[in-house]
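Values quoted throughout were computed directly from the atomic coordinates according to the rules given, and no laboratory measurement underlies them. Computed from a predicted model, the values in this text were never measured in an experiment. Quick reminder, even Gly has a Cβ in these numbers, built from the backbone with ideal geometry, and neighbours come from all protein chains shown.
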Number of protein chains: 2
Amino acid sequence: MKQYDHPLAQDLQLPCLLYALSDPFRLEVVRKLALCQPQPCAPLQDGRPKSSVSHHFSVLRKAGIIRTEVVGVTHMNSLRERELEERFPGVLRAIMAVAMAESAQG
Amino acid sequence: MKQYDHPLAQDLQLPCLLYALSDPFRLEVVRKLALCQPQPCAPLQDGRPKSSVSHHFSVLRKAGIIRTEVVGVTHMNSLRERELEERFPGVLRAIMAVAMAESAQG
DNA sequence: CCGTTAGTTCGAATATAATCGAACTAACGG
DNA sequence: CCGTTAGTTCGATTATATTCGAACTAACGG
């Protein structure tokens, strides 16, 4: 049951985090994760091919935004909220608040 | 003395803003503007060719992050802080706080 | 051990963005 | 009106991302 590598919080880069969140699909994944954690990739696919979804999860992982744990046959994803809050105080929180508000009205 | 078009605050998109700030050079421009406003492009060039600088300023303008006013022969740039704060509460503020902290230590 | 499920990796195609020099423009100073 | 300054626009090149299908892998269920 091999696991993933996750960068240390101290090594995360702000531009990299912003870049990861600048894609609408990835932002939506993060928003949905904020509402329900942890969650496998599958329910977040939104009609895309698996290889594309896998790519986007990989970008989020490398940016330090999500943590993925292999549990049996599924890969459970969650936000690294505490670490991000410590490393980049207020950033994810503010972005999520806006993303939630946007999606609430449409 | 023709001026620039600036998108309305209500039309700004969060992914577009995050994308604009995800480039280290642009983030640095915004950080420096936060410290001294308004400012022309030239002192923010940091050794790059003018065409490249111009491109990055254009990205920031289209994302709604900066406003550029033509004043005589120079183009004065400032942050659209109030509008951004209203449209995306806390987002720019949090990002700037982190950017300032990063640049303080190196 | 076989099939299924969940997701990754590969490789090629396409799209998007960054970079730079060169030519351009608009405003001012003399 | 000429030169200078500040920045834009153009066009080509290169770099970086995204996309997708196909082949792969690891774990579980029977």
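The table below gives the values:
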read-out: Given charges at beta-carbon only (K, R positive; D, E negative), |dipole| of the protein assembly as shown in Debye; value: 300 debye
read-out: Chain B: DSSP helices with Cα axial extent of at least 20 Å and average Kyte-Doolittle hydropathy no lower than 0.5; value: B:91-105
read-out: For A:VAL59, label point 7 Å along C-beta direction: distances to other copies, nm; value: 1.4
read-out: Tail weight of P(r) past 25 Å, computed on alpha-carbon pairs of the protein assembly as shown, percent; value: 42 percent
read-out: Order of B:MET96, B:MET76 under a 10 Å beta carbon neighbour criterion, fewest first; value: B:MET76, B:MET96
read-out: Kirkwood Rh and Cα Rg combined as Rg over Rh, evaluated for chain B; value: 0.94
read-out: Debye, to nearest 20: dipole size of chain B, +1 on Lys, Arg Cβ, -1 on Asp, Glu Cβ; value: 200 debye
read-out: Alpha-carbon centroids, the stretch B:62-98 and the stretch A:1-52: separation in whole Å; value: 28 Å
read-out: Directionally averaged projected area (convex hull, Cα atoms, the stretch B:11-68), nm²; value: 3.8 nm²
read-out: Helical contribution to [θ] at 222 nm, DSSP H n ≥ 4, -39,500 (n - 2.57), averaged over chain B, rounded to 500; value: -15500 deg cm²/dmol
read-out: For B:SER103, label point 7 Å along C-beta direction: distances to other copies, nm; value: 3.3
